[in-house]
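Worksheet for the structure shown next.
Just so it is clear, none of the values below were taken in a lab; they were calculated from the coordinates. As the structure is a computational prediction, the values presented were derived from the model and not from experiment. A quick note on method: Cβ atoms are made from the backbone with ideal geometry, for glycine too, and the neighbour counts reach across all protein chains shown.
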Amino acid sequence: MPEGPSIVILKEEVQLFAGKKILEVTGNTKEDKALLNGKKVVSFESWGKHFLIRLQGLTVKIHFLLFGSYSINEMRKPNPRLHLKFSNGDLYLYSCSVKLFTEDPDAVYDWSADVMNDNWSPAKARKKLKALPDALACDALLNQEIFAGVGNIIKNEVLFRIRVHPESLIGALPPRKLTELIAEARKYSFQFLEWKKAFELKKHWLAHTKTCCPRCHIPFVKEKHLGKTKRRAFFCENCQVRYPQPAILAPRLPPSRKILLKCAGQGNVVPAKRSGGKRSIPL
DNA sequence: TAAAATGTTTGCAC
DNA sequence: TGTGCAAACATTTT
């Protein structure tokens, strides 16, 4: 559920409640639910992975973390964290973080940092990245102050697409690669949105959870806890370049037959096994 | 069945 | 006070 594009879908799905009055509030959140009673929804908004319910003088911030979910009209799970009743239906939010705040959301949120927002600013993202030259590419993409909404799936897919090794240093990326990183973070997020709406997101994964590189047809490297963020990473040591690049490139040996067999049947051509017998034609 | 997973915050040790 | 790390949280799927 939780990457930015999924929150955009939620925001679209709850539009039927925009402008409506909250008739009843229940749920096991420890926040002061009573404050929401009788208030009208000014608007539903999102910032990265945050889902915001903007009321008069009060905003509800929902974060779904790893396991949160929601349903509209039908209660699909027991014990919702928050349930809002409207004249035309119900919104149920499960196992999520709920926080209330009274500040103006425009003063709290930097909308230009949200990859899904109309105000997304690649220039500002670049400036923030320039300030973190020692950060790893895999960590930088998950930095919500720079790429709000980007999660682990988007991270893996973006790095594969732009052929950048996840452990590359941000400061060592050539300017054009940095441009690509920023552009692809947004571009892939919107593709994620369209594919998710069509229920075909996984079908389009090229790297995330994959075992073989679709370009090189050799096994992906799978790291369980990569970078400061310690998240799963799937990448190709062959076509994803690690920056900085070494001054002298080590000669690359062709992968062994055993390795190639791991990716057989995925567009990979495995050389025939040499027969143990004597050659009929001497070399 | 145990383990892992689209994530973030908190609290403790140093 | 700052930082870095592990733990906590919570649920579904493999």
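Brief remarks on what is shown
- Taking the Cα centre of region A:122-225 as reference, the dipole from Cβ charges on Lys and Arg (+1) and Asp and Glu (-1) amounts to some 260 debye.
- In a simple Cβ point-charge model (Lys, Arg +1; Asp, Glu -1; nothing else charged), chain A has a dipole of about 1660 debye relative to its Cα centre.
- Packing here is the average count of other Cβ atoms within 10 Å per residue, and on that basis the peptides A:99-110, A:27-38, A:179-190, highest first, run A:179-190, A:27-38, A:99-110.
- Annotation: aspartates and glutamates with alpha-carbon distance below 16 angstrom to A:Lys262 (same-chain offsets under eight excluded): A:Glu237.
- 27 Å Cα-Cα reach of A:Lys127 towards lysines, excluding residues that sit fewer than 8 places from it in its own chain: A:Lys49, A:Lys155, A:Lys177, A:Lys187, A:Lys228, A:Lys230
- Mean separation of Cα contacts under 8 Å (6+ apart) over length of region A:119-235, as relative contact order %: 26 percent
- With 22 Å as the limit on Cα-Cα distance, the pairs of A:Lys21/A:Lys61; A:Lys11/A:Lys222; A:Lys20/A:Lys197; A:Lys30/A:Lys61 that go past it are A:Lys11/A:Lys222; A:Lys20/A:Lys197.
- DSSP bridge pairs, chain A: antiparallel proportion in percent, nearest 5: 90 percent
- Three-way shape call for region A:4-108 based on the alpha-carbon gyration tensor, with the a/c threshold at 1.5: rounded
- Shape category assigned to region A:189-239 from the gyration tensor of Cα positions, a/c cut at 1.5: oblate
- In terms of its C-alpha gyration tensor, region A:119-235 has an oblate overall shape, because the principal axis ratio a/c (a ≥ b ≥ c, square roots of the eigenvalues) is not below 1.5 and a/b does not outweigh b/c.
- Relative contact order of chain A: 14 percent, from C-alpha pairs under 8 Å at least 6 residues apart in sequence.
- Shown for chain A are the DSSP H helices of 18 Å or more along their axis, judged by Cα atoms, with a mean Kyte-Doolittle hydropathy of at least -1.0: A:175-197.
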